[in-house]
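Worksheet: one structure, shown below.
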Amino acid sequence: EVPSDTCKAVRDNQLTYMELESNQLTGLIPPGLGSCKKLALLNLAENQLTGALPPELGNLSSLQVLQ
């Protein structure tokens, strides 16, 4: 499971890359990832995540790669 408060745990919300490929993650993609304002790459490929992409990911104005 991807923690919903991941970005709050990173100092000054400076997280730019999140590589979580092939980590056997399950469940929903948390809407809290939409608060990672500096996130440029989000790789969640090869996991067992379910559901739709949360609309909050639309807040990621720096996002260039979503897998």
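Ligands, DNA and RNA are left out, and with a 1.4 angstrom probe the accessible area of segment 5-66 is 63 Å² per residue. Using a probe radius of 1.4 angstrom, the carbon and sulfur fraction of the accessible surface of segment 5-66 is 50%. Restriction of the trypsin sites (Lys or Arg not before Pro) in the chain to DSSP coil positions whose beta-carbon has at most 15 other beta-carbons within 10 angstrom yields Lys37. The 3J(HN,Hα) values that the Karplus relation (6.51, -1.76, 1.60; θ = phi - 60°) gives for segment 15-24 are, in residue order, 5, 10, 10, 10, 9, 10, 4, 6, 10, 6 Hz. Gly and Pro appear as x.
The values are calculated or read from the model by the stated rules, or taken from the named source; none is laboratory data. Since we're looking at a predicted model, the values are computed, not measured. Counting neighbours? That spans all protein chains shown, and the Cβs are built from the backbone with ideal geometry, glycine included. Only protein heavy atoms, including side chains, enter the accessible area calculation; ligands, DNA and RNA are left aside. Shrake-Rupley method; radii C 1.70, N 1.55, O 1.52, S 1.80 Å.
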